[in-house]
Amino acid sequence: MAKLYVEAVPPADMNKNTEWFMYPGVWTTYILILFFSWLLVLSVLGCSPGMAWTIVNLFHFAITYHFFHWKKGTPFADDQGMYNTLTWWEQMDNGKQLTRNRKFLVVVPVVLYLIASHTTDYQHPMLFLNTLAVMVLVVAKLPNMHKVRIFGINAGN
Amino acid sequence: MVRLPYTTALTTLFSYGLLFAFGQLRDFFRKIVDWFKSKDLKGYAPICLGLEDFYVRRLYLRIQDCFGRPIASAPDAWIDVVERYSNDNNKTLHRTTNTTKCLNLGSYNYLGFAAADEYCTPRVIESLKKYSPSTCSVRADGGTTKLHTELEELVARFVGKPAAILFGMGYVTNSAIIPCLIGKGGLIISDSLNHNSIVNGARGSGATVRVFQHNSPSHLEEVLREQIAGGQPRTHRPWKKIIVIVEGIYSMEGELCKLPEIIAVCKKYKVYTYLDEAHSIGAIGKSGRGVCELLGVDPTDVDIMMGTFTKSFGSCGGYIAASKEIIQYLKYACPAHLYATSMSPPAVQQVISAIKVILGEDGSNRGAQKLARIRENSNFFRSELQKMGFEVLGDNDSPVMPIMLYNPAKIPAFSRECLRQNVAVVTVAFPATPLLLARARICISASHSREDLIKGLEVISKVGDLVGIKYFPVEPPKHAEHVLKKLE
């Protein structure tokens, strides 16, 4: 297979926690991880494809909510705690809203929701859980929610 | 600008994701196991808040044996590396008394002054006996010896500026001088890949810091225009002072700075320039005078030139060379001059002798020979590596050549396999480089002979095949092409 080369220009982003997201191949890797985890769930649990997509959707919800919208700060001490009050989502692209990366990350949960609800034929209780997941994720990613802490949840250090 | 195969980008991202996931899983189980152990902090706050030390604990410590290897000899072309072992999977390492003699491709020993030199070492020993290892005082009190003033004049003459000032440590030179030159209300525009000492100094100064895309004079102009038009944040008053900070050779890329274009942009907008020549002074340029000589830039066009003595001169410490007024101001305002111990006299003498050798003032042409040899060695090594199919960064004539590794697993694989074959290389990963662009950084020295370089190339080629980092197609040898042409 011919090796396709991509050019990677080092992005001028000083925050090393989010800078890795601006390299080529990130979107594809994200989508491939979701697809392969669906295959894994199907092969391990032996359930219907719709159930597998629902499980992938719910795990995706839990993991991305925890790491993008709950955990604050950065996993290294180099920046001396400059971002200690910001979640990963708020640190992305230096706080600029509606960039390409952010739009992509909003579209992914919606597409997952559509696939999961279609393959389960819109039955309850899967539909309810899927809808809950996508609503929470999309609301958390809205530009108006930048640095908003509802009822002071997650406002502590 | 690096070109990597698309599949490599995907696998690297996936590997980091996997490492991250495993680290989180281990942390989760550790939290469960430690749930019942009493955390008796007695009311004190924990040292690490949240996830601050995650990277160090779960990623760095796993391959700790590739970094920080102790050495047992002078960092010459061949170096004695101390062997270490670990009983708990690299969490703690213990030294043994065995050493292995390895080819040294990691030390910043550009001109070969790191080992005993026939001109420098006798003079250094003499100054050690006369002036003792430490002046035991700050420069402003009793720490200025004849050697210090001689070196300041010599450095100023060497670099091409009217005056210079010395400091005991290279890192401190940047981080203590930048706050002295600019403060709140000023603007610092620094290259995105500048060294940590510059970032530290810029943060400590209190000025607003903006970053421009690495080595891109057009982006610098864009950032300048935007900032000058906008003025200070919130008040929009004009900036008090604007300084642009660039480096001569970027140590993680091996690239030269696009100095003439950047100086032209800075002159157009009446902005000060600060050039950090830590890796380029003494190593490039026809007479070793650094990147200004190589690229044909007049030293008077650069406002402040900074350099260190650790790389090409085999000593320790740093200097700033600028106009007489700036140096006089620094001498009464810079805390590193007023409160830090002055440079050690034998170290000063080492630099004086090294500069004299480079300039040819010791009565021989060893300086010119060394400069020619390092240029030859670097160009030979780089072209051979590129022919073998490695992705090597850096410009021609630069003695620093990073070989791209990308995948996190290849970092320890490359490092350990090379050590097994008696070649000591330095591998660099996050956070010194961007997350995906892990590399092995080779530093060529004038004291490497042709045989050393050929042995190094053999080992790197073999290890490269094992580890799988020959991302580019191998160039066919020249005579095979010739034969093919003849047959047509």
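Bear in mind that the values in this text are calculations on the coordinates, not laboratory data. Being a predicted model, the structure only gives us computed values, none of them experimental. No Cβ is skipped: glycine too gets one built from the backbone with ideal geometry, and neighbour counts run over all protein chains shown.
List of remarks:
- Of the beta bridges in the protein assembly as shown, as assigned by DSSP with both residues counted there, near 65 percent are antiparallel.
- Positive end of the dipole of the protein assembly as shown (Cβ unit charges, origin at the Cα centre): among B:T144, B:G183, B:V223, the Cα lying farthest that way belongs to B:G183.
- Summing Cβ point charges (Lys, Arg +1; Asp, Glu -1) relative to the Cα centre of the protein assembly as shown gives a dipole of roughly 1100 debye.
- Local charge for A:V107 was computed over the other residues whose Cβ lies under 14 Å away, with Lys and Arg +1 and Asp and Glu -1, and equals +4.
- When the Gaussian network model of chain A links Cα atoms closer than 10 Å, the mean-square fluctuations of A:T87, A:T99, A:T74 top out at A:T99.
- Other protein chain C-beta atoms within 10 Å of residue C-beta, averaged over A:65-77: 4.
- Estimated D of chain B in µm² per second, where Rh is the Kirkwood radius over Cα pairs and Stokes-Einstein applies at 10 °C, 1.306 mPa s: 64 µm²/s
- The distance between label points at B:R234 and A:N144 comes to 2.8 nm (points 7 Å beyond Cα on the Cα→Cβ vector).
- Other residues lying with their Cβ under 10 Å from the Cβ of B:I188 contribute a combined charge of +3, Lys and Arg counting +1, Asp and Glu -1.
- Chain A: DSSP helices with Cα axial extent of at least 27 Å and average Kyte-Doolittle hydropathy no lower than 1.6: A:26-45
- Mean residue ellipticity (222 nm) of the protein assembly as shown, computed from DSSP H runs ≥ 4 via -39,500 (n - 2.57), nearest 500: -13500 deg cm²/dmol
- For chain B, the residue among B:L295, B:C257, B:N365 whose Cα projects farthest onto the positive side of the dipole built from Cβ charges is B:C257.
- Springs join every pair of Cα atoms under 10 Å in this Gaussian network model of chain A, and among A:N84, A:N101, A:N130 the largest mean-square fluctuation is at A:N84.
- Backbone N under 14 Å from the B:Q328 label point (7 Å along Cα→Cβ), restricted to region B:142-178: B:162-164
- The charge dipole of region B:221-352, taken about the Cα centre with unit charges on the Cβ atoms of Lys, Arg (+1) and Asp, Glu (-1), comes to about 520 debye, rounded to the nearest 20.
- Over region A:38-126 - Rg/Rh using Cα atoms and the Kirkwood inverse-distance radius: 1.11
- Alpha-carbon gyration tensor eigenvalues x 5, square-rooted, for chain A, Å: 29, 22, 13
- Converting the Cα gyration tensor eigenvalues of the protein assembly as shown into ellipsoid dimensions via √(5λ) gives semi-axes, longest first, of 47, 31, 26 Å.
- The value obtained for region B:119-359, namely the Cα convex hull volume divided by the number of residues, is 109 Å³ per residue.
- Placing +1 on each Lys and Arg Cβ and -1 on each Asp and Glu Cβ, with no other charges, gives region A:48-148 a dipole about its Cα centre of roughly 220 debye.
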